[in-house]
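This report refers to the structure that appears directly beneath it.
The values are calculated or read from the model by the stated rules, or taken from the named source; none is laboratory data. Everything numeric here is computed off the predicted structure, so don't read it as measured data. All Cβ positions, even for glycine, are placed from backbone atoms using ideal geometry, and neighbour counts span all protein chains on display. These area figures cover heavy atoms from the full protein model, side chains too; ligands, DNA and RNA do not enter into them. Shrake-Rupley method; radii C 1.70, N 1.55, O 1.52, S 1.80 Å.
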Amino acid sequence: MLLLYFLSIVAVAGADMITLALPWDYVIVGTGPAGLVLADRLSAIGKRTLILEAGTPSTYASGGREAPAWIKDSNEPLSRFDIPGFFEAFSAHPDGHQCPDTPLPILAGCLLGGGTAVNSGIFIFPPAEDWDRNFPAGWKSQDMVRATERARKRIPGTYNPSQDGKIWFPESFDVLGRMVKSMGWTKVAANQDVDRKNRAFSRTPFMNIRGERGGPMESYLLEALPRRGFEIWYGARVERVIRKKGVVSGVEFIKDGERQEVHLAKGGKAILSAGTFGSPKILWQSGIGTRDQLDIVRSARGELMVDEKEWINLPVGYNLMDHPATYAVFKYPGVGAAYNYSDAYNNPNHADAENYLSLFPLLTNYVTRGQTSRGRIGLNAKLNHTILSSPYLVTKEDTEALITSFKNLLAGVKNIEGLQPLLPDLGSTSIEEFVQNYNLTRVTNHWLGTAAMGSVVDTETKVKGIENLYVVDASIFPGMVSSNPVAAIVVLAEKASEIIIE
C-alpha cells in the first residue's frame, strides 16, 4: 500500500506554518512514562498514533548513540542512557538534554523517556491507600486492579539490578536495616508486599533489565515501534493545541526551525503527556489557565496567542508537590564515602568499567502520602518555568511529621554499636533545629499535581471545557504518593488508556 504525504503552506501571523495534511487518530505529546504507555496501548488497536518528542532518542535500542569514550571503545550496544548509574551524572553532564525552558535543579529530560531516561530507575508499585486517599470515584484501588496487573506484567521490577545478579555495596542497607529492625520494623519485599508500608523496610526495586535501564522505553515503546500507523517525531517542540472553542483540531509545534501543525482525524484526540512542568506550559499557550499566566503568554507571543474570548479559566500550575528530601548521614566502621558517579562518567575506575562490561550510609527522609504542603509553578517573561511558591514543608503538619519521623528513626542509633550520626549532629543541634534550619536542597524531582484531576481534568483525564483534549502524566495526581512515582504514573496511564479507547 502506498501512502502519500501532502504538504500545504499556510500563512499565520506573518510566519509560514507547514501543515502536515494526513490526519491522526491520536497525537500524544511527550515520551515520558505515561506517553510511552499510551503510545503502545493506543496504537495496538490499529489507530493512527503519533507521538511528538522535543528531544532525541536516548537508549541504544531507540537509536541513541551518545556515550563517553570508554563505552564507545567497548563496541557494546550501549548509550549513556542505558547505564543506570549515570543518572547521578546528568546534572553535571546534561549535554543539551535538559529541557531549555526548565532550570536545574528541576530535572527535566527532553529526550525519549523523559525523566525515566535520566532518573535512578526506582520502581515501587503504590499501595491501595495512594489511590483511595488521593483520587476520586472511578480511580480507587479496586478500579486500578487491571491497570496494575498490566503494568506489573510489563515491568515487574527487580531487587538485583546488576547483570551479574550481585547486590553491590549492601553495607548501608545492612546497617540501617538492622537499626530499624531493632525498633520492631518488618523487612518486606516492596513490590510483593505492596500494602505493607508502615514501619517496614525493603531492598529497592528497580526497573532495570539485564543490568541496563529498562522501564517504559523497553517494555512499552519496543512493542509499539514495528506497528503500521505508529510514528515518533523527534525534535518536535510542541507550542500549543489548535482549538476552536471546545474542540481541538490539531497540534502546533516547532521542528527544524519551522512552525508546523498536525491535524486530528474525525473523532481524534490530543493527549498531553509532557510532565508536571511541560503539560501546564502547553495548556497556558493554548489559552487554558489563570489570567496572570495567560497574560504572560500573550505578551510574549502576541497574535499567536489564543483570542481572549476563548480563554478557559482553570487552576493550571497550582497544587505543585514534591517529596521534600531531608538527608541523614551516618558514620560506621568499614563503610566508606559514596561513589562519585559524576566524575566516573568520563573517567571510571578501570575495574568498575570492566565489571560493568563483562560509603557513608545515607538515609533520605521524605514526607509522602498525606502531605498538605502545596506550591505553584508559572512562566516568566521568556516563557521559562519558574516556581512561584515552594511546595516544601509549607504547613505546620508536614514539618511536625518530619520532625517526629526523625525522632523515631534516630532513636534506633543506640541499638547499633559503632553507628554514629554525622547529619544531624545531635551533639550540637536538636532535631527540631536541624529540620527547620536545613540548608541543603529538598528537591527530589518527584513533581506531581499541576493539572490535577478534579480541578483541571475530569475523571476521564479530559481537560474541562474541551471535548477531545486529555492530560495523562504526573501533573494530574491530586495528592502525593508514598514513594518514587514512576510506577504509579505507569499504572495511571494504563487506566487512562482504557478510558480514552472507550
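Tally up the carbon and sulfur contribution to the accessible surface of region 173-248 as a whole percent, 1.4 Å probe, everything protein left in place. The value for region 173-248 is 49 percent carbon and sulfur by accessible area.
Set the bar at 32 Å for Cα to Cα. Now go through LYS281/LYS407; LYS396/LYS495; LYS197/LYS396; LYS153/LYS331 and name every pair that lies beyond it. Please list the in-between numbers first.
Values: LYS281/LYS407 40 Å; LYS396/LYS495 35 Å; LYS197/LYS396 24 Å; LYS153/LYS331 40 Å.
Cα-Cα > 32 Å for LYS281/LYS407; LYS396/LYS495; LYS153/LYS331; rest within.
Highest average first, the peptides 187-193, 156-162 ordered by how many other beta carbon atoms sit within 10 Å of their residues are 156-162, 187-193.
Pop out the Kirkwood hydrodynamic radius of the chain from its pairwise C-alpha distances, inverse of mean 1/r, in Å to one decimal.
Values: mean 1/r = 0.0420 Å⁻¹.
Evaluated over the chain, this radius sits at 23.8 Å.
Straightening the chain between GLU467 and ASN365 buys 32.5 nm, computed as 0.36 nm per residue apart minus the Cα-Cα spacing.
Solvent-accessible surface of region 145-301, taken per residue with a 1.4 Å probe and all protein chains present: 46 Å². Note on GLU397 and ALA300: with the Förster distance fixed at 41 Å, the Cβ-Cβ geometry gives a FRET efficiency of about 0.60.
Kindly state, to the nearest 0.05, the FRET efficiency for GLN142 paired with ALA69, given R0 = 56 Å and r defined as their beta-carbon distance. Walk me through the intermediate numbers first.
Values: r = 52 Å, r/R0 = 0.93.
After rounding, the FRET efficiency stands at 0.60.
If you count, for each residue, the other Cβ atoms within 10 Å and average over each peptide, how do 165-177, 386-398, 275-287 line up from highest to lowest? Walk me through the numbers before you get to the answer.
Details: 165-177: 14.0, 386-398: 16.6, 275-287: 26.8.
In decreasing order of mean packing, 165-177, 386-398, 275-287 become 275-287, 386-398, 165-177.
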